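Derivation of every value follows stated rules applied to the coordinates shown; laboratory data play no part. Not measured: the values here are computed from a predicted model. FYI the Cβ positions are ideal-geometry reconstructions off the backbone, even for glycines, and counts take in every protein chain you see.
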Amino acid sequence: MTTTPAPRPDGRPRKQIHLGAHFPGVNNTTVWSDPRSRSHIDFSSFEHLARRAEAARFDFFFLAEGLRLREHKGLIHDLDVVGRPDTLPVLAALAAVTDRLGLAGTINTTFNEPYELARQFATLDLLSGGRAAWNLVTSSDAFTGANFRRGGFLDYSERYERAAEIVDVARQLWDSWSDDAVDADAETGEFLREGAVQRVDHDGKHFDVHGTFTTPRGPQGHPVLFQAGDSGEGREFAAATADVVFSLHGSFEDGQVFYRDVKDRLAAYGRTEDSLKILPATTVVLGDTAEDAAEEAALIRRQQVSGPTAIAYLEQVWGRDLTAYDPEGPLPDVEPDVDNASLTRGKVRHVKDPGPVVAAWREKAAAHGWSIRDLVIEVTGRNQFVGTAQQVADDIDRYVQEDASDGFILVPHLTPEGLDPFFDQVVPLLQERGSFRTEYTGTTLRDHLGLELPGVGGSQAADLEGARA
Amino acid sequence: MSSSTPGSPTTRTLHLAVDLTDAGAHPAAWRTLGSQARQLFDADRLQDLVSTAQRGTVDLVLFDDAFSLQPGRRGGVQGRLDAALVAARLAPRSEGVGLVPTVTTTHTEPFHVSKALATIDHASHGRAGWQVAVSTGADDAAHVGRRQAPDVAAAWAEAAEAIDVVSRLWDSWEDDAEIRDVETGRFVDRDKLHYVDHDGVHFAVKGPSITPRPPQGHPVVVVRVDSDAALAVAAEHADVVRVRATTLEEARALREQVRSAAADHGRDPDDVIVLVDLYAVIGPDRASAQARLDLLEGLAGVSWDTDSYTHVGTDRDLAVTAEEWFLAGAADGFTVRPSSLQTDLVALVDGVVPLLRRAGIYRTEYTGTTLRDSLGLARPANRYAAAIA
Ligand SMILES: Cc1cc2nc3c(=O)[nH]c(=O)nc-3n(C[C@H](O)[C@H](O)[C@H](O)COP(=O)(O)O)c2cc1C
């Protein structure tokens, strides 16, 4: 069944929305205290979300990654979900219970070797029939490094340099086997086609890789590459290298600004705007009426930010122990300890300069009569679509058609059934409008995202040098 | 949980592992697959093989791996998939059978190895194992480019340290660490999460793992003993030890050696399962099995020196030998390496297995759900929980 999509008001062809389903795991949006919340470890939870996402014709399933348990005040942070299974084995297992859904995994470029990653992703691509994607993240802190042989060896300033070299080496390895390298000619006994597997010889600043790769080229040639990182360097790296940007810029105006910024960087690399999809993270709350949905959203926010969570969040900003304060009472009257910025470790810091932030919060809280918890609920809020299914479908479509994004990565607040209402109620409406597929038209994730198959030998090193100049 | 008492003579049964690497143990096996040989890297083919093994209630299947391409000169299969991901891919659509990938310790990070194997154990509800391998080849080292290849002794010393760290990471979560205490807002009891604080010769690892303790406590550790250095590591750390022998006496001596070395480490020798490698060419009669081997050798252009017990003959003869070795205390079981998976795996499962069952030395169904259940091995206590108790 194909729907002919209506053009956009300005006459441009209608964009197709791209949607990913994020398995929530470790973050501060997952509501584990709800009785409907189930295991975030058992495979059945992963299977539920993946099967439902595939039935809804989503582009992909998405997993985040962390390599050290978070700590707060020198102790393991125990208020959010803690613990998760390993990214790539989960995706490989999901390949067994799905047929078309893309399988996107976050894997750090700092604490891994390119040869090993290249063969893992080639394997995942083969075992899934061309559905693998790699979200490259670059966190480089010594805190995480304490779990690895070489410790915290990488300077923050080198994180994208190493990432670029990893991608460069991985592409050389993926390209070192031609698509038809496995000849397996029983007559002649030639297993690999003569000359179809090339040696790789790479000497670089971060890696020396010499030899013959072990793994046949997957159906996608290269797995789809995602990038999540927000600095200028991160955006440049995305423009040079990525197929998808996983962003945090989910509000309409901010989304449009980010979208323009990143897409405008593409031309310098000889790339078209269609070759890079921008997909912010977002959450959705549905209700029978707009009021119901708003009420439900407020309830969820209070579940996400418990009293202890609110205090722990403030402590991160204040750099002080604030357990003596009542989360339902006014903001602490002590001043932040500016030198004690690393109270929480293993988590991306949101507030870099506490002084002015605290001043602004005090003013805000006083003006609205907010408690500590009210304030934290307010300032940690992320992009949300809240409303009836029709309102949410309208909003999502508007964001995409008006270039605030190319789609979204949906983060449910409940594991594993949190997106079921979206699949059931919103997806059909997007399909009716002709903005979202009703059937998969291809078999690979590249097909779903409308990305070209990279040719052998066509890989280019991500050239950050030129971009920085 | 296992209902059998490990090692007790009344419940002792023969264990079978099957090597599912490539198209079979013989380098020319792929040439008997015809046009299907191009599908050697397909998940569906692997799925079929595991289903067959499962029909034979085999304890576990093994997938070999290395960071280098197989040498091409013998006309064998070339190309490898990451074995851990193969095992993970097979986990949701299999039952009963243990899934044991080879993962090297030489060029990998124990932290990554630990959570990958724990995750396969979670996805399979307790059927993961780990065949520990070391890499002493210059090729592998050049692929990673970090350092020179270690020699055998150094590589196994590092492996011993890696196994220790990996199993500490498996223990770094107590089984009941997740509490979801709504009252206090705590998801975990942090007192049940443990830093492993390993500061060793080869690496330093802080911990705890990011992945909760696997269903088996520790996935089953398999070590192939092909050197004194490997024997030392196996005696201390392995649940399953693979040995190579060509005669019953040699096998019995090796098994005794492994068991006494384990005892020297304060372990109960019955907690160590010794499997003898058994290369198998199985045919309806001895002549046809030999004819098939001759054909394979003709294709490969070399004769097959397996350097271990090689059976060329009928399913009946193989069952008799297996029973004889088992009852003589020469083996707790075998790692069968079918010369050709397409032919010999089916012959093993549908020919040999029923005979072993009839002899009363082999299970008719999986008695538990985990690989440890199949092997009659207890679930290891958590060292950190024990330390507190
Ligand atoms: C939307 C988004 C998702 C991210 N997810 C992860 C993650 O799952 N694991 C991780 O280690 N880092 C994650 N990061 C952090 C990035 O790795 C981090 O931003 C990067 O290392 C630093 O690069 P930057 O300075 O360009 O932001 C994420 C970042 C963004 C923006």
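Listed values, structure above:
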| item | result |
| --- | --- |
| Residues of type lysines that B:Lys192 reaches as a straight line, Cα spacing below 27 Å, ignoring anything fewer than 8 places off in the same chain | A:Lys73, A:Lys347, B:Lys115, B:Lys206 |
| Zero-based 20 Å bins, Cα pair distances in chain A, whole percents | 22, 56, 20, 1, 0 |
| Gain on full stretching of the segment that runs from A:Tyr156 to A:Thr289 - 0.36 nm per residue minus C-alpha separation | 43.1 nm |
| Inter-probe distance in nm under a simple model that places probes 7 Å from Cα toward Cβ, at B:His265 and B:Gln148 | 2.9 nm |
| Net lengthening on full extension, B:Arg379/B:Asp42 (0.36 nm per residue, minus Cα-Cα) | 117.9 nm |
| Only Lys, Arg (+1) and Asp, Glu (-1) charged, at Cβ; chain A dipole about Cα centre in debye | 220 debye |
| Sequence ranges A:372-381, A:217-226, ranked by mean other-Cβ count within 10 angstrom, highest first | A:217-226, A:372-381 |
| Inter-chain Cβ neighbour average for residues B:183-193, partner chain, 10 Å | 6 |
| Helix axis angle, B:43-55 relative to chain B longest principal axis, alpha carbon, degrees | 80 degrees |
| Segments A:279-289, B:75-85 sorted - mean Cβ within 10 Å per residue, highest first | B:75-85, A:279-289 |
| Folded to 0 to 90 degrees: helix B:110-123 orientation relative to chain B principal axis, Cα | 70 degrees |
| Shielding score for B:123-133, defined as the mean number of other chain Cβ atoms within 10 Å | 2 |
| Ranked packing of A:125-131, B:314-320, A:177-183, A:195-201, most packed first, by mean Cβ within 10 Å | A:125-131, B:314-320, A:177-183, A:195-201 |
| Shielding score for B:109-122, defined as the mean number of other chain Cβ atoms within 10 Å | 6 |
| Fraction of beta bridges assigned by DSSP in chain B that are antiparallel (%, nearest 5) | 10 percent |
| Antiparallel %, DSSP beta bridges [both residues in the protein assembly as shown], to 5 | 20 percent |
| Distance (nanometres) between label positions extended 7 Å along Cα→Cβ at A:Lys73 and A:Arg8 | 5.0 nm |
| Formal net charge of residues neighbouring B:Val276 (Cβ-Cβ distance under 15 Å; K, R +1; D, E -1) | -4 |
| Considering only chain A, percent of DSSP beta bridges that pair antiparallel, nearest 5 | 25 percent |
| Qualifying GluC sites (Glu not before Pro) in region B:191-270, DSSP loop, other Cβ atoms within 10 Å at most 10 | none |
| Approximate spin-label separation A:Thr441-B:Ala66, in nm, with each point projected 7 Å along Cα-to-Cβ | 4.6 nm |
| Three principal axis lengths of chain B [C-alpha, angstrom, descending] | 72, 51, 40 |
| Additional length obtainable on full extension of the chain from A:Glu402 to A:Asp420, 0.36 nm per residue less Cα span | 3.8 nm |
| Rounded FRET efficiency, nearest 0.05, which uses the C-beta distance separating B:Asp294 from A:Thr188 and R0 of 25 Å | 0.80 |
